[in-house]
Amino acid sequence: MSLEQELFEQRFARIREIAALGYRPYGQRFDFSHTLGAILASYSEKTAEELEANRVTVKVAGRIQTIRRMGKAGFTHIQQSGERLQVYIKKDAVSENEYKLWQLLDLGDIIGVEGYLFRTRTGELSVHAETVTFLSKNLMGMPEKYHGLEDVEIRYRQRYLDLIANPEVQQAFQTRAKVVRSFRRQLEERGFTEVETPMMQSLYGGAAARPFITHHNTLDIDLYLRIAPELYLKRLIAGGMERVFEINRNFRNEGVSTRHNPEFTMLEFYQSYADYRDLMQLTGDLLKQVALDATGNTVVEYQGQQLDFGNVRRYSIREAVCEYWKGPVKPSMDNVRDPEWLLAHSEKTTAGEALVDIFERHCEDALIQPTIIHEYPVEVSPLAKQNPEEPAMTDRFEVFAAGMEIGNAFTELNDPDEQRRRFEMQLSMREKGDDEAHQMDEDYIRALCYGMPPTAGEGIGIDRVTMLMTNAKSIRDVILFPLLRPEGEIGIAQWLREASAK
RNA sequence: GGGCCGGUAGCUCAGUGGUAGAGCAUCUGACUUUUAAUCAGGUGGUCGCGGGUUCGACCCCCGCCCGGCUCACCA
């Protein structure tokens with residue numbers, strides 16, 4: 001039998017001992033008077049004398065993270081929501097039963113403690129326990145107290161253990177919630193309505209990506225998990241819901257990396273009677289406020305760089321190529337307007353695709369500060385409205401920060417016949433082997449045929465924005481359960497079977 | 001999918017072609033303000049899996065599994 005299983009059985013056996021003392025090994029409701037965070041916030045400044053003069057009684061609950069037993073007394077740190085507080089348990093100060101319970105406690109058990117606040121000789125704010133109760137049993141070995149849990153595979157597979165062992169992880173996911181809350185609140189304040197549109201679609205669209213395929217049994221039809229909500233949200237715009245947004249999952253059947261997870265969360269919002277210039281302004285406002293709400297500052301440190309969300313810069317894609325060109329001789333604006341020059345500097349077959357290809361190779365990773373890049377070629381923008389002055393380009397922009405694309409916006413194409421031509425252009429690209437090219441969506445065109453108001457729309461990658469706000473190097477650090485290959489046999493049911501048979 | 005790196009005790013990590021190690025955790029004992037508590041003693045390993053080379057493999061070779069980084073693809 002492995003050490004881990006022996007430990008498991010030892011702890012399993014303690015369930016009976018705990019019950020024999022009159023406690024329920026898996027506890028019952030417990031009214032705590034303060035969260036640990038509230039105690040730390042209110043009493044961290046109080047001196048030992050102040051705490052003694054005005055005795056504060058508290059009732060707290062948490063998971064045992066450390067235990068130091070010394071003869072007839074001892075200390076334990078309990079943790080709640082990522083916050084830790086020390087508890088002092090002395091034989092004289094609790095009942096005989098409670099002291100026996102204390103001697104049975106293991107790392108990872110969850111207990112409730114009532115007592116008064118004081119400072120130890122070394123000055124740490126602590127609870128002097130007067131009563132102790134038992135709330136839940138841990139049967140597992142806990143990660144090392146000093147280093148925590150470092151194995152990234154275990155951290156992602158068993159996120160619960162990561163959250164227990166590494167309190168700062170909770171903080172990152174709190175920040176993620178703040179990001180989402182901030183976007184939602186800001187959009188609601190501006191009159192946007194939150195909606196939910198289908199995740200299972202019989203036609204997929206709104207982005208260039210390969211889909212996941214699933215099947216509905218009773219209808220006997222294959223369905224795609226959506227790659228974007230775009231076409232449904234614009235149907236709502238056509239229907240007269242003038243400002244809508246959705247924050248939800250998209251699914252793209254593509255590789256995983258530090259910046260890509262097959263399912264990821266996207267904010268998309270659409271505003272009738274606006275254009276992409278309005279959204280440039282709005283994007284700057286939204287991001288600035290998100291940074292404030294998530295981190296308390298418009299300047300955010302990311303991987304050693306200071307990102308200033310108070311000042312989102314703007315370049316046209318051509319300006320960016322001229323500015324960030326990596327070779328010794330920077331091209332001129334005339335060069336980057338010239339289809340022959342573009343095709344000579346890229347493997348792509350059209351001037352527009354070549355421009356984007358060059359931009360991605362030369363500029364994208366250099367865009368550290370939050371930056372809007374505007375004017376994208378029509379070939380790569382099948383749903384965006386053309387620029388009236390220059391039909392080869394669309395009224396579209398993307399937002400970059402830390403070398404990552406975090407947003408994409410454009411004035412929506414609302415001319416049904418032009419949309420038909422764009423879809424047909426995509427179909428011919430598909431025939432040439434581009435399996436990410438757009439499908440024809442006739443119901444969407446039909447909606448446009450009823451007349452959709454001039455509209456601007458935008459998508460913002462919530463996971464990536466959260467990476468920036470939490471200084472996360474990998475998208476997996478801001479997704480609670482990132483996609484991993486399934487693990488092998490775990491075998492814990494057998495452990496329980498054996499332990500409970502004894 | 002390609003390249004590179006990694007998988008050794010529950011956790012964090014050393015290690016060498018010749019009997020598998022440390023710290024923490026765990027167990028026993030001491031200790032009524034400790035805090036990476038301390039002190040004394042003990043338990044604990046299919047060295048990711050499967051082949052091969054060798055007198056002998058955790059170590060060398062081949063295949064596979066899982067993960068990380070990176071490139072490709074993408075947001």
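The values are calculated or read from the model by the stated rules, or taken from the named source; none is laboratory data. Computed from a predicted structure; not experimentally measured. Backbone-built Cβ (ideal geometry, glycine too); neighbour counts: all protein chains shown. Surface accessibility is based on the protein's heavy atoms, side chains included, excluding ligands, DNA and RNA. Shrake-Rupley method; radii C 1.70, N 1.55, O 1.52, S 1.80 Å.
Worth a mention:
- With coordinates expressed along the principal axes, the C-alpha atoms belonging to segment A:1-146 extend over 52, 32, 31 Å, beginning with the largest.
- Pairwise centroid distance, computed over Cα atoms, of segment A:439-457 with segment A:180-204, Å: 19 Å
- Of A:VAL195, A:LEU383, A:ASN97, farthest towards positive along the dipole that unit charges on Lys, Arg, Asp, Glu beta carbons give chain A: A:ASN97
- Tilt relative to chain A, helix A:276-295 - C-alpha long axis, 0 to 90 degrees, to 10: 10 degrees
- Per residue, the Cα convex hull of segment A:130-272 amounts to 223 Å³.
- Global geometry of segment A:42-90, whether rounded, prolate or oblate, following the gyration tensor of its Cα atoms and the 1.5 cut on a/c: oblate
- Near A:GLY310, once Lys and Arg are set to +1 and Asp and Glu to -1 for all other residues with Cβ below 13 Å from its Cβ, the sum equals 0.
- Anisotropy class of chain A from Cα gyration tensor, a/c 1.5 cut: prolate
- Options A:GLN281, A:GLY205, A:HIS215, ranked by Cα towards positive dipole end of segment A:204-360, top entry (Cβ charges): A:GLN281
- Whole-Hz couplings from phi, Karplus 6.51/-1.76/1.60, listed for segment A:100-109; x for Gly and Pro: 5, 4, 3, 5, 8, 5, 10, 3, x, 5
- Cβ-based net charge around A:PHE359, under 10 Å, with every Lys or Arg adding one and every Asp or Glu removing one: -2
- With all protein chains in place and ligands, DNA and RNA left out, the 1.4 Å accessible area ranks A:HIS438, A:HIS260, A:HIS216, A:HIS34 as A:HIS260, A:HIS216, A:HIS34, A:HIS438, largest first.
- When a 1.4 Å probe is rolled over the protein heavy atoms, the share of accessible surface on chain A that falls to carbon and sulfur comes to 49 percent.
- Accessible solvent surface per residue of segment A:163-240, calculated while the other protein chains remain in place, 1.4 angstrom probe, Å²: 49 Å²
- Amide H contacts under 5 Å for A:LEU307, placed H, 5+ residues apart: A:VAL300, A:GLU301, A:TYR302
- For segment A:152-210: rounded, prolate or oblate by the Cα gyration tensor [a/c cutoff 1.5]: oblate
- Summing charges over all other residues whose Cβ lies under 13 Å from the Cβ of A:GLU83, with Lys and Arg as +1 and Asp and Glu as -1, gives +1.
- Close amide H partners of A:LEU223, meaning residues 5 or more places away or on another chain with modelled amide H under 5 Å apart, are A:THR214, A:HIS215, A:HIS216.
- Phi to ³J(HN,Hα) by Karplus 6.51 cos²θ - 1.76 cosθ + 1.60 over segment A:354-371, Hz, x for Gly, Pro: 5, 4, 5, 4, 5, 4, 5, 6, 9, 10, 3, 6, 8, 7, 7, 5, x, 9
- Relative to the Cα centre, the charge distribution of chain A, modelled as +1 at Lys and Arg Cβ and -1 at Asp and Glu Cβ, gives a dipole magnitude of about 2360 debye.
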